[in-house]
1. Of the residues Glu180, Glu112, Glu171, Glu146, which is closer than 28 Å to Val39 by Cα and surrounded by 19 or more Cβ atoms within 10 Å (Cβ to Cβ)?
2. Taking the condition under 23 Å from Asn210 (Cβ atoms), in a loop (DSSP other than H, G, I, E, B), of a type in the set (D, E, K, R) and not assigned by TED's automatic domain parsing to the domain that holds Glu146, does Arg44 pass?
3. Kindly list the number of the only condition in (1) closer than 15 Å to Trp139 by Cα; (2) free of Cβ contacts under 8 Å to residues at least 12 places away in the same chain that fails for Leu116.
4. Given (1) within 14 Å of the chain's Cα centre (by Cα); (2) in contact (Cβ under 8 Å) with a residue 60 or more places away in the chain, identify the lone condition not met by Pro51.
5. Kindly evaluate Thr132 against the criterion of being under 19 Å from the mean Cα position of the chain (by Cα) and surrounded by fewer than 18 Cβ atoms within 10 Å (Cβ to Cβ).
6. Given (1) modelled with pLDDT under 95; (2) among the hydrophobic types (A, V, I, L, M, F, W, C); (3) touching a Lys or Arg at 6+ places or on another chain (Cβ under 9 Å), where does Ala172 come up short, assuming only one miss?
7. Would you pick out the residues in region 123-140 that are farther than 12 Å from Met45 by Cα, out of contact with any helix residue (DSSP H, G or I) (no Cβ under 6 Å at 6 or more places or on another chain) and of a type in the set (A, V, I, L, M, F, W, C)?
8. Quick test for you: out of Val237, Val205, pick the one residue that is more than 17 Å from Leu9 (Cα to Cα), in contact (Cβ under 8 Å) with a residue 12 or more places away in the chain and assigned by TED's automatic domain parsing to the domain that holds Leu64.
Amino acid sequence: MIRWIVTDLDGTLVGRDLAMVPASRDALRRFREAGGQVVIATGRMERSALPYYEALGLDGPAILYNGARTVNLASGRVHRSHFLPPEAWKTLQAEFDDLPPGVYPVAFSGGEAYALDNAPELREFARRDRITLRHPGAWTSLLAGEISKCMLIGGPLPDLCVPGTVTTRSEATYLEVLPEGATKGAALHGLAEAEGVPLAEIAAVGDNPNDLDMIEVAGIGAAVGDGHPSVRSAADVVVRACTDGAVAQVVELAFQVNGWS
């Protein structure tokens, strides 16, 4: 029995045009109507994920910030929340001073996204996520201990090893710095345990390395056909390309497993 389908957004359910692939959107609605639950798991923040959540008619928890927060976007209830340790944030600020040209930091705190620069790469990121990047005045003005995640956007991206953090690539030009223990897989594991749903009864689908541990812990881990090679090689099944209905194929598999018509 597949009770949950957990799906990444960008490159999985959502195409480059920022719209949900119609076949996948409609298939998830059918899955919910049949009694299944849909969970979105994304690097996006609350206001950026909310339009997709509402369009699917969801009313349960969503995994956000690549696993740093799990929030019910309908009720506002926070199921899980992790922040960068203050010392890690202090170390990162020092790293920001030595970033190569063409790489720009973004910090997320209190439901807002902050950046000091106004580069084209950042404007494109804000357009894609449908958010406003606010200027904090200085990085030191953000409260240590309340930073959900940081991103480095652009390229070439450096390798970072900051104690108390983990890093992941959500796009070729996005390096995400998260609190240690905050990944999509860890968030899914914690949410499933809290809700009493066995991981074996969950199907998860994604396209980029930040989805790897999520598809590995799920009972059925699916990789988008045009996704990152590391995700395709780790998955139980490789489905269609995003715009060809990757998530719709996962729903088809769930219906087959469940014996639903």
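The values are calculated or read from the model by the stated rules, or taken from the named source; none is laboratory data. Worth saying up front: this structure is predicted, and the values here are computed from it rather than measured. Here the Cβ positions follow ideal geometry from the backbone for every residue, glycine too, while neighbour counts run over all protein chains shown.
1. Glu171
2. It is true that Arg44 is under 23 Å from Asn210 (Cβ atoms), in a loop (DSSP other than H, G, I, E, B), of a type in the set (D, E, K, R) and not assigned by TED's automatic domain parsing to the domain that holds Glu146.
3. So the condition that Leu116 fails would be (2).
4. In the conditions (1) within 14 Å of the chain's Cα centre (by Cα); (2) in contact (Cβ under 8 Å) with a residue 60 or more places away in the chain, Pro51 misses (1) alone.
5. So Thr132 fits the description; yes.
6. (3) is the only condition that Ala172 fails.
7. Phe125, Ala138
8. Just a single option satisfies the conditions, and that option is Val237.
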